[in-house]
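The values are calculated or read from the model by the stated rules, or taken from the named source; none is laboratory data. Small disclaimer: the values here were computed from a predicted structure and weren't measured. Cβ placement follows ideal geometry from the backbone for every residue including glycine, while neighbour counts extend to all protein chains displayed.
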Amino acid sequence: MDAPGKATPVIDLTDLTRVYHLGGHEVRALAGITLSIEEGEYMAIVGSSGSGKSTLMNMIGCLDAPTSGRYRIDGTDVRDIDEDGLSDLRNQKIGFVFQGFNLIPRTTALANVELPLAYAGYGKGERRRMATIALESVGMGDRLDHVPAELSGGQQQRVAIARAIVTEPSIVLADEPTGNLDSHSTEDVLQIFQDLNDYGRTVLLITHEDDVAARARRVIRVEDGLIAADYRNEVLESVA
Ligand code: ADP
Ligand code: MG
């Protein structure tokens with residue numbers, strides 16, 4: 001039982017494991033992760049390649065199920081949520097951003113961002129209105145009718161972020177979102193995550209770049225499927 005007055009963590013993992021079976025071999029991608037994340041946290045997940053970061057994020061995003069252990073989201077055990085419930089959760093509560101943008105080619109920015117709204121059952125006019133606002137919020141209001149091939153990497157990632165946030169999810173998960181971007185676009189994208197967090201969204205971001213991790217308030221380091229470190233960055237006072 002939680003202590004009185006203590007908020008339920010939005011994400012609560014207890015001894016979570018994920019074992020892959022590959023050609024007779026067992027790969028323990030997650031070897032027992034216990035982790036609590038409060039609503040409104042901004043957390044970076046760091047660790048070397050193959051340490052289990054993406055597997056962990058896929059678990060948190062309910063894209064994959066654990067081999068053992070427990071995952072409670074907003075206090076509800078994910079095992080008690082059926083497939084329809086999980087897909088609603090992924091569509092409405094969680095926004096995903098990937099390194100490779102994953103936009104639909106030959107499809108306008110606006111249509112890409114409208115897609116999650118179509119799944120959620122919004123009508124045409126409402127979709128257009130909400131997608132336009134989301135694109136404006138990431139500085140892409142003047143590129144609504146551009147297709148991905150007509151946009152730079154940084155612009156494509158901003159469209160992808162608009163798509164991730166258009167349903168106003170409370171959790172934003174990003175797997176190496178700046179991995180393919182130059183330093184200028186990286187700065188744009190990090191500023192958007194900062195703004196989202198300032199508005200109260202829980203932001204989890206995988207990165208292998210120290211300067212990106214330094215922007216988060218909390219950092220966990222994953223090694224061999226375990227949490228090897230969990231610390232908070234100093235709050236940097238802005239010098240006016
Ligand atoms: P990271 O994102 O930190 O690079 P991953 O979570 O992708 O690491 O992978 C963790 C481990 O699990 C690695 O050893 C990887 O090879 C293995 N792994 C990841 N996905 C699969 C899969 N679908 N099948 C088998 N092994 C996998
Ligand atoms: Mg990865």
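Some values worked out for this structure:
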| quantity | calculated |
| --- | --- |
| Single residue of the range 57-72 satisfying the filter (over 28 Å from ALA214 (Cβ atoms) and of a type in the set (A, V, I, L, M, F, W, C)) that is farthest from ligand 1 (Cβ to nearest atom) | CYS62 |
| Qualifying strands (runs of 3 or more DSSP E) (wholly inside the range 8-73; at least 2 residues being within 13 Å of ligand 2 (Cβ to nearest atom) and not acidic (Asp, Glu)) | 25-37, 42-46 |
| Meets criteria (at pLDDT 95 or above, at negative phi and either assigned to a helix (DSSP H, G or I) or of a type in the set (Asp, Glu) (or both)) for ARG129 | yes |
| Lone unmet requirement of (1) in contact with a Leu (Cβ under 7 Å, 6 or more places away or on another chain); (2) exposed (fewer than 15 other Cβ atoms within 10 Å of the Cβ) for SER49 | (1) |
| Residue count for the range 18-34, restricted to those that are surrounded by fewer than 19 Cβ atoms within 10 Å (Cβ to Cβ) and in contact (Cβ under 8 Å) with a residue 24 or more places away in the chain | 5 |
| Which listed residue, of ARG158, ARG163, ARG201, is crowded, with 19+ Cβ neighbours inside 10 Å, in contact with a helix residue (DSSP H, G or I) (Cβ under 6 Å, 6 or more places away or on another chain), under 26 Å from SER87 (Cα atoms) and among the basic types (Lys, Arg) | ARG163 |
| Residue check for ALA149: farther than 27 Å from THR55 by Cβ and touching a helix residue (DSSP H, G or I) at 6+ places or on another chain (Cβ under 7 Å) | no |
| Of the criteria (1) in contact with a Lys or Arg (Cβ under 8 Å, 6 or more places away or on another chain); (2) surrounded by 15 or more Cβ atoms within 10 Å (Cβ to Cβ), which one GLU176 fails | (1) |
| ALA149 in contact (Cβ under 8 Å) with a residue 40 or more places away in the chain, closer than 17 Å to GLN99 by Cα and either in contact with a strand residue (DSSP E or B) (Cβ under 7 Å, 6 or more places away or on another chain) or assigned to a loop (DSSP other than H, G, I, E, B) (or both) | no |
| Any hit, the range 179-191, residues being more than 16 Å from ligand 2 (Cβ to nearest atom), touching a residue at least 60 places away in the same chain (Cβ under 8 Å) and either surrounded by 15 or more Cβ atoms within 10 Å (Cβ to Cβ) or part of a strand (DSSP E or B) (or both) | no |
| Flag if ASN91 is assigned to a helix (DSSP H, G or I), of a type outside the set (A, V, I, L, M) and within 12 Å of ligand 1 (Cβ to nearest atom) | no |
| Members of the range 8-56 found to be in contact with a Pro (Cβ under 9 Å, 6 or more places away or on another chain), away from ligand 1 (no atom under 16 Å from the Cβ) and either among the polar types (S, T, N, Q) or farther than 14 Å from ILE171 by Cβ (or both), listed by number | SER36 |
| Yes/no for ARG221 being basic (Lys, Arg), within 19 Å of SER36 (Cβ to Cβ) and within 16 Å of ligand 1 (Cβ to nearest atom) | yes |
| Flag for GLY5 being modelled with pLDDT under 95, under 24 Å from ARG218 (Cα atoms) and surrounded by fewer than 16 Cβ atoms within 10 Å (Cβ to Cβ) | yes |
